[in-house]
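Following: one structure in structure tokens, then a few remarks.
What follows draws every value from the coordinates through simple rules; no lab data is involved. Keep in mind the model is a prediction, meaning the values are calculated, not measured. Neighbour counts run over all protein chains shown; Cβ positions are idealised from the backbone, glycine included.
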Ligand SMILES: [Zn+2]
Ligand SMILES: [Zn+2]
């Protein structure tokens, strides 16, 4: 038996298995292929299109082998080539090779094996395979596949098997530990929220986690961002401080949840919340709102497990010096524990005052998180020499399109707001200019207005960044983007928080 025949048989079985998988449990297979289905219509598409495609591939391979004819194998190779072209097209359009490493080698391997097999084979014209035999084999194959699908569907509805699957899932996810991200070996910056007030299905609102020296610092606590931090499996009891840039809702909305979700895992001290004058009011409000909840939890789980002494946040008001320093910079050191120094820097987000950026310096590596600001010259001065400038960004052309559209749809309030917000944010190319002036090695854009949630929108959002950065690096952050700055080096790595 030729080796290619064996390999094609294995591929055919794999395709059949994937086909059955998409028919029976599209949720599980979709996750493996990084697909999110939108409700029942989405699952119908997965069952129909994905399940059908894999079955068709399996059928073509098996019919080709049974009949000894080349046409079905060539059709399978052609279909897989189209899949490969689609993947490469995705790479070209998005600029990201994500998803290629896991699938492309398997697909290319299949095309190569099919091509090799077809090359070494001749069609048997003298003895054509009877149509009846093809039909019989196809019926056997389809019947077998349907039987397997039925057995699997029944099995997945068996309580015993469901319980085992759930237990396996729980074992995999409970106790997941990403505490290595807090190591002394690097300054790490992860984006726990990358959108602004406009809603996005894929992004929480403003939040950046800075990790080093066994501690986590959170810059802003935008709505939905605590969920990200919890899903990442970080040791949230080690959140040592929250730095609030300003008091717009997209920067403070999750503060109550962040406090609760760091208290429940056993944070040893009250959560310190830093911010400009006004932070006392914000913190007092959240503390008040959560007082009843904290009481219930202490009563239910004991005061030893849920100590009231660490339940309520403590506000630390950060005031700026009256007289600005060189370059018009107004800044002040918020904390310095010998290895980590955090400095608040005044920005310009008028009429929202005070508005601060925060600079983190750890063992020779540094990151500046801007919060909301215009292209403000003193901020570039205060960011001088930083490794990463994590800057908010508003794409004015895209917001103008929203404004225009709101006007056309007779939504004057929305149009008015879309016009107003253009004045107190920084654009991507202005952020590039600021990063250049600061000499930042990497510019990261977050707090994206509007949130670009597909490849085309990302490309529009980042238009002009390459030339504005003059060859300097930049990245458009997603929720879960991770930037690692190893200590004792000038390098940086762009990755994802391990899930
Ligand atoms: Zn904002
Ligand atoms: Zn703001």
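Can you give the FRET efficiency to the nearest 0.05 for residue 230 and residue 37, using r as the Cβ-Cβ distance and R₀ = 22 Å? Walk me through the numbers on the way to the answer.
Values: r = 24 Å, r/R0 = 1.07.
Result of the calculation: an efficiency of 0.40.
Using the Cβ-Cβ distance between residue 102 and residue 79 with R0 = 30 Å, the FRET efficiency computed as 1/(1 + (r/R0)^6) comes to roughly 0.95.
Report the extension gain between residue 94 and residue 201 in nm, rounded to one decimal, defined as 0.36 nm multiplied by the number of residues separating them, less their alpha carbon distance. Intermediate results must be reported in sequence, preceding the final value.
Values: separation 107, 0.36 × 107 = 38.52 nm, distance 1.90 nm.
The residue 94-residue 201 span can extend by a further 36.6 nm.
Stretched out straight at 0.36 nm per residue, the stretch from residue 123 to residue 2 would grow longer than its current Cα-Cα span by 42.0 nm. Projecting label points 7 angstrom from Cα along Cα→Cβ for residue 410 and residue 456 puts them 2.8 nm apart. Against the main long axis of the alpha-carbon atoms of the chain, helix 428-438 sits at an angle near 60°. Our summary of shape: the Cα atoms of the chain have principal axis extents of 97, 58, 56 Å, ordered from largest down, in whole angstrom.
Residues 336, 237, arranged from fewest to most other Cβ atoms within 10 angstrom of their Cβ, appear as 336, 237.
Length gained on full extension, residue 487 to residue 333: 53.3 nm, using 0.36 nm per residue less the C-alpha separation.
For residue 177 and residue 289, a Förster radius of 30 Å and the Cβ-Cβ distance give a FRET efficiency of 0.45, rounded to the nearest 0.05.
Show that you can apply the helix-only estimate: for the chain, add -39,500 (n - 2.57) for every DSSP H stretch of four or more residues, divide by all residues, and state [θ] at 222 nm to the nearest 500.
Details: 18 runs with 232 residues, N = 499.
It comes out at -14500 deg cm²/dmol, rounded to the nearest 500.
Any idea what the relative contact order of the chain is, in percent, if you count C-alpha pairs under 8 Å spaced at least 6 apart?
On the way: 894 pairs, mean separation 58.6, N = 499.
The normalised contact order for the chain reaches 12 percent.
Under the shape rule built on the C-alpha gyration tensor, where the axes satisfy a ≥ b ≥ c, the stretch 3-173 is oblate, since a/c reaches at least 1.5 while a/b does not exceed b/c.
What separates the Cα centres of the stretch 235-268 and the stretch 279-311 is a distance of 13 Å. Separation of the stretch 363-419 from the stretch 441-486 is 12 Å, based on Cα centroids.
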